[in-house]
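> Here you go, one structure.
The values are calculated or read from the model by the stated rules, or taken from the named source; none is laboratory data. Computed from a predicted model, the values in this text were never measured in an experiment. Backbone-built Cβ (ideal geometry, glycine too); neighbour counts: all protein chains shown. For the accessible areas, the whole protein counts, side chains as well, though only heavy atoms, and no ligand, DNA or RNA atoms are used. Shrake-Rupley method; radii C 1.70, N 1.55, O 1.52, S 1.80 Å.
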Amino acid sequence: MSATPRLKVATAWLDGCSGCHMSLLDMDQRLIELSERIDIVYSPLVDTKVLPERVDVGILEGSISNADDLALARRFREHCRVLVSLGDCAVNGNVPAMRNHFPLEQVLARAYRENVTLQPQLPDRGVPALRQRVVPIHGEVAVDVFVPGCPPSAEAIWQVLAALLEGRDPDPSAFTRFGA
Ligand code: SF4
């Protein structure tokens, strides 16, 4: 890659399994090159937990399923110049959106009452309120780059970051397909 300014990159996972972040780490030795070209300014992978005012690239894994997911997605959109939907859960709802086939009350009852033998009860504190329906990121905020896959390959993530570092518009279509 040619010399370009360091990119400030933020990542977060919403309603996802963290598998997309694991794929990011799968870049192996390329992570060393990336570390010389980007600064991870906010992420579950680093200790910094305050989203800076201005971020070059925001990467969101997972769908928007609860109130906290929505708040964080909106903050990323507000603070990030480029917003990336990483993985099928972010792009189309994928596994988390399966609950959309059932009323929320039925989902909660199944998880917290019918399948529980000890103190069945709905959580009413310390957890964000579930939304009626799960939506992909672009169901609530504008997304600039879609990277499908469950998870997307490390190669796909690398190609997206490399394009952004070079000031090009990423085209993940050559490196991705839904579900793989
Ligand atoms: S797309 Fe797949 S790997 Fe990524 S968060 Fe969703 S279920 Fe996990």
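> Taking only the stretch 4-16 into account, find how many residues are within 16 Å of VAL147 (Cβ to Cβ) and assigned to a loop (DSSP other than H, G, I, E, B).
2
> Go through the stretch 17-54 and give me each residue that's outside any loop (DSSP other than H, G, I, E, B), among the hydrophobic types (A, V, I, L, M, F, W, C), under 28 Å from ALA129 (Cα atoms) and over 10 Å from the mean Cα position of the chain (by Cα). Show your work before the answer.
In the first step, residues of the stretch 17-54 are kept if they are outside any loop (DSSP other than H, G, I, E, B); the result is 19-25, 30-35, 38-42.
Now restrict to residues that are among the hydrophobic types (A, V, I, L, M, F, W, C): 20, 22, 24-25, 31-32, 34, 38, 40-41.
Those still in the list that are under 28 Å from ALA129 (Cα atoms) too: 20, 22, 41.
The answer is MET22, VAL41.
For (1) among the basic types (Lys, Arg); (2) within 16 Å of the ligand (Cβ to nearest atom), each residue gets a yes or a no:
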position	(1), (2)
LEU25	no, yes
ARG30	yes, no
ILE40	no, no
ALA71	no, no
GLU78	no, no
SER85	no, yes
ASN92	no, yes
VAL95	no, yes
ASN100	no, yes
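> Would you please name the residue that is most open to solvent (accessible area, probe 1.4 Å), looking only at residues in the stretch 71-86 that are under 12 Å from the mean Cα position of the chain (by Cα) and under 19 Å from ARG133 (Cβ atoms)?
Going through the qualifying residues, I end up with LEU72.
> When you go through (1) touching a residue at least 24 places away in the same chain (Cβ under 8 Å); (2) of a type in the set (Ser, Thr, Tyr); (3) away from the ligand (no atom under 16 Å from the Cβ) one by one for SER63, which number turns out not to apply?
Here SER63 clears every test but (3).
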